[in-house]
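The block underneath contains the structure these notes are about, expressed in structure tokens.
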2 protein chains.
Amino acid sequence: MPPVNPVVDTADVTALLERGRTMSTPVLRTAVRRLAPPMDTVAAYHFGWIDAHGRPADGDSGKAVRPALALLSAEAAGAAPEVGIPGAVAVELVHNFSLLHDDLMDGDEQRRHRDTVWKVHGPAQAILVGDALFALANELLLELGTVDAGRATRRLITASRKLIDGQAQDISYEHRERVTVEECLEMEGNKTGALLACACSIGAVLGGADDRVADTLEAYGHHLGLAFQAVDDLLGIWGDPEATGKQTWSDLRQRKKSLPVVAALAAGGPASRRLGELLTADAKNPDLDSFSEEEFATRAALIEEAGGREWTSEEARRQHAVAIEALHRVDMPERVRAQLTALADFVVVRKR
Amino acid sequence: MPPVNPVVDTADVTALLERGRTMSTPVLRTAVRRLAPPMDTVAAYHFGWIDAHGRPADGDSGKAVRPALALLSAEAAGAAPEVGIPGAVAVELVHNFSLLHDDLMDGDEQRRHRDTVWKVHGPAQAILVGDALFALANELLLELGTVDAGRATRRLITASRKLIDGQAQDISYEHRERVTVEECLEMEGNKTGALLACACSIGAVLGGADDRVADTLEAYGHHLGLAFQAVDDLLGIWGDPEATGKQTWSDLRQRKKSLPVVAALAAGGPASRRLGELLTADAKNPDLDSFSEEEFATRAALIEEAGGREWTSEEARRQHAVAIEALHRVDMPERVRAQLTALADFVVVRKR
């Protein structure tokens with residue numbers, strides 16, 4: 001059962017994502033050229049603009065949901081989409097700062113169908129370029145020099161701190177035997193909700209929206225982020241590696257205490273208990289890499305049997321509904337509301 | 001020969017450093033408590049407030065030159081020293097963000113007579129806590145909510161970007177056979193000069209100083225930073241491990257192309273050529289850890305014989321003079337000018 005009724009106009013969403021990418025990428029590329037060598041090259045590799053040998057490439061640079069949201073955010077406040085561009089770029093820089101550091105901390109070797117930066121250019125470059133992108137995000141906003149840019153920067157920094165808190169929680173949970181559903185939702189709210197929330201308010205703030213409007217747009221983005229992450233957690237176990245660019249059973253290989261897992265463990269019943277026994281044994285096993293596909297498939301089947309998959313689909317639907325509800329508490333052009341709704345629908349039905 | 005004539009009143013400098021520490025540490029500790037566990041604990045270990053087992057400690061938390069400068073910076077603009085406190089804390093947070101990341105990138109195992117964070121708490125915590133301190137620095141300033149706080153944040157971000165550029169240059173130089181004196185000075189200006197410059201302007205900016213005054217105070221701080229780094233480079237080779245808390249021949253072990261090394265290589269003559277031959281051979285040796293103390297002593301003696309030690313002492317003196325000259329281009333209370341002068345004197349005669 002799909003998590004929402006399909007009201008998504010795919011062509012419309014594709015156009016919105018494309019607009020976000022087209023309008024923000026030139027500014028992003030110019031900003032990245034400010035970095036001292038070799039960080040500029042390493043960043044260009046991370047974004048898929050060049051390959052590992054430095055040759056121009058047209059690689060996958062992500063779904064670009066955040067830039068699309070930032071431009072719509074400006075329009076929600078009655079401003080031109082262009083007003084949201086510095087916000088779109090700043091949010092994308094912070095997002096990619098976190099990817100560079102998280103991939104290193106998590107030991108992830110693949111991202112967007114390519115080797116991760118630390119694999120190709122070494123851990124030091126992953127750390128440095130992450131740091132540089134984070135600084136650059138704030139620099140781009142602050143050099144606008146307006147009071148609204150200061151407000152936008154403050155929101156971005158708050159979101160960045162939550163992002164870091166969320167990654168800290170995510171790592172600490174991997175070493176714990178039990179994580180509650182509430183703890184998992186809190187972690188995901190920090191790790192994914194906070195920056196999506198910021199993407200949804202930053203354009204409006206740059207366009208002069210007051211804090212009430214900005215906070216309500218953040219509520220939309222926060223719940224959209226939780227829906228997004230619930231879907232990510234489903235894809236992290238049952239996603240098609242061809243579509244996601246990740247390994248099969250990716251989150252199980254990494255012992256992620258993601259929503260389907262914690263919901264299954266909390267559910268009770270025979271499948272839940274059997275899953276708990278297996279994961280407790282796995283926790284003592286230093287090397288899950290030696291597991292066969294079948295061993296991961298067994299765990300995935302138990303998660304599903306215990307209801308973890310269904311609960312997570314429902315959770316995506318619940319968060320989607322709360323997000324849409326928030327949209328209706330802000331006075332904005334109907335076209336913009338419809339487009340923000342379409343993006344929310346897309347987030348919960350996507351396959352990658 | 002000491003690099004400056006001793007006009008330092010040690011008691012006065014000690015009191016200034018102590019005032020900076022006393023006034024900024026409570027705010028720093030409160031700020032660090034905002035971090036999600038276990039980052040708060042890891043940061044407390046880094047700052048020396050607890051030991052590796054979590055027991056309260058009174059460890060070395062650094063010389064605290066930057067907080068002392070930030071408070072004097074406020075006074076240079078005619079404001080109370082208290083006005084500089086958020087700036088002092090923000091600069092100290094950025095400084096410690098860079099230490100956490102640099103120690104990991106450089107593989108440094110000791111800092112301030114203790115094991116570094118990545119050694120005790122692992123690389124992921126060093127990355128995360130560094131990220132969190134960097135974000136916190138900007139958060140503390142921006143939540144002041146004033147236009148001057150926005151200006152101060154922008155200067156801090158610019159300094160942070162230079163800091164990151166400098167670390168990138170430092171790392172890339174380690175893999176190059178030859179680095180010019182100019183490249184080394186540029187790297188050190190980024191890595192050390194930029195944040196010291198910011199410490200010297202941030203209090204004044206928070207106190208309402210205009211950009212000309214702030215820029216001139218930054219010029220003082222930038223040259224003070226270059227003098228500081230020249231002395232650091234001397235201590236990195238000839239420093240007393242008891243005083244510095246680092247290994248003997250620390251910079252030589254790490255193949256640092258520091259000022260004494262690049263100046264010696266640029267000098268020409270038999271000692272310079274012999275040094276060049278040895279370092280070229282070393283560059284092909286993956287493991288300098290197997291070197292005896294004598295092998296490092298030979299290299300240090302050649303650097304000295306080629307004039308690298310003397311040139312670096314002179315450079316510290318030159319930069320010190322330019323810094324003092326800048327101080328006289330800003331209208332400020334004579335007491336403050338005398339104290340900034342005393343701090344500059346201290347920087348070039350210090351043993352740690």
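Would you confirm whether or not the stretch B:62-72 contains a residue that is in contact with a Leu (Cβ under 9 Å, 6 or more places away or on another chain) and under 26 Å from A:GLN169 (Cβ atoms)?
no
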Are any of the residues in the stretch A:134-152 crowded, with 24+ Cβ neighbours inside 10 Å, within 10 Å of another protein chain (Cβ to nearest Cβ) and touching an Asp or Glu at 6+ places or on another chain (Cβ under 9 Å)? yes
Give me the pairs, please: first residue somewhere in the stretch A:30-57 and within 14 Å of chain B (Cβ to nearest Cβ), second residue anywhere and of a type in the set (Asp, Glu), beta-carbon distance under 7 Å, and either six or more positions apart or on two chains. A:VAL32/A:ASP40; A:ARG33/A:ASP40; A:ALA36/B:ASP165
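Scan the stretch A:123-133 residue by residue and report those that are buried (at least 24 other Cβ atoms within 10 Å of the Cβ) and at the interface with chain B (Cβ under 7 Å from one of its Cβ atoms). Reasoning before the result, please.
So the first thing to find is which residues in the stretch A:123-133 are buried (at least 24 other Cβ atoms within 10 Å of the Cβ), and the list is A:125-133.
If the condition is that a residue be buried (at least 24 other Cβ atoms within 10 Å of the Cβ) and at the interface with chain B (Cβ under 7 Å from one of its Cβ atoms), then A:ILE127, A:LEU128, A:ASP131, A:ALA132 are the ones that fit.
Condition check ((1) crowded, with 23+ Cβ neighbours inside 10 Å; (2) in contact with a helix residue (DSSP H, G or I) (Cβ under 6 Å, 6 or more places away or on another chain); (3) in a helix (DSSP H, G or I); (4) within 12 Å of chain A (Cβ to nearest Cβ)) across all residues:
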site: B:ARG161; (1), (2), (3), (4): no, yes, yes, yes
site: B:GLY166; (1), (2), (3), (4): yes, yes, yes, yes
site: B:GLU182; (1), (2), (3), (4): no, no, yes, no
site: B:LEU185; (1), (2), (3), (4): no, no, yes, no
site: B:ASN190; (1), (2), (3), (4): yes, yes, yes, yes
site: B:ALA194; (1), (2), (3), (4): yes, yes, yes, yes
site: B:ILE202; (1), (2), (3), (4): yes, yes, yes, no
site: B:LEU217; (1), (2), (3), (4): yes, yes, yes, no
Enumeration of residues in the stretch A:240-252 that are surrounded by fewer than 17 Cβ atoms within 10 Å (Cβ to Cβ) and at pLDDT 90 or above: A:ASP240
The condition of being part of a helix (DSSP H, G or I), charged (D, E, K, R) and crowded, with 19+ Cβ neighbours inside 10 Å holds, among B:GLU325, B:GLU304, B:GLU315, B:GLU310, only for B:GLU315
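I'd like the full set of residues that are part of a helix (DSSP H, G or I), more than 16 Å from the chain's Cα centre (by Cα) and buried (at least 21 other Cβ atoms within 10 Å of the Cβ), limited to the stretch A:73-104. Talk me through it step by step, then tell me what you get.
Going through the stretch A:73-104, the residues part of a helix (DSSP H, G or I) turn out to be A:73-76, A:81-104.
Of the ones still in play, those that are also more than 16 Å from the chain's Cα centre (by Cα) are A:73-76, A:81-87, A:104.
Hits for the stretch A:73-104 are A:SER73, A:ALA74, A:GLU75, A:ALA76, A:VAL83, A:GLY84, A:ILE85, A:PRO86, A:GLY87, A:LEU104.
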Is there a residue in the stretch A:107-117 that is surrounded by fewer than 21 Cβ atoms within 10 Å (Cβ to Cβ), within 27 Å of B:LEU141 (Cα to Cα) and either of a type outside the set (D, E, K, R) or more than 8 Å from chain B (Cβ to nearest Cβ) (or both)? no
Would you confirm whether or not the stretch B:170-179 contains a residue that is buried (at least 19 other Cβ atoms within 10 Å of the Cβ), more than 8 Å from chain A (Cβ to nearest Cβ) and in contact with a Phe, Trp or Tyr (Cβ under 7 Å, 6 or more places away or on another chain)? yes
Among (1) under 27 Å from A:VAL336 (Cα atoms); (2) within 14 Å of another protein chain (Cβ to nearest Cβ) - the single one A:ILE85 does not satisfy: (2)
Counting only residues that are at pLDDT 95 or above and assigned to a helix (DSSP H, G or I), how many does the stretch B:253-275 have? 15
Those residues of the stretch A:49-72 that are among the small types (Gly, Ala, Ser) and under 17 Å from the mean Cα position of the chain (by Cα) come to a total of 5
I'm told B:GLU92 meets every condition in (1) more than 14 Å from every other protein chain (Cβ to nearest Cβ); (2) acidic (Asp, Glu); (3) free of Cβ contacts under 8 Å to residues at least 12 places away in the same chain except one. Can you identify the failing condition by its number? (3)
Quick one: B:ARG66 ticks every box in (1) touching a His at 6+ places or on another chain (Cβ under 7 Å); (2) at pLDDT below 95 bar one, so which box is it? (2)
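The values are calculated or read from the model by the stated rules, or taken from the named source; none is laboratory data. Predicted, not measured: the structure shown is a model, and the values here were computed from it. Cβ sites come from the backbone with ideal geometry, for glycine too, and all protein chains shown count toward neighbours.
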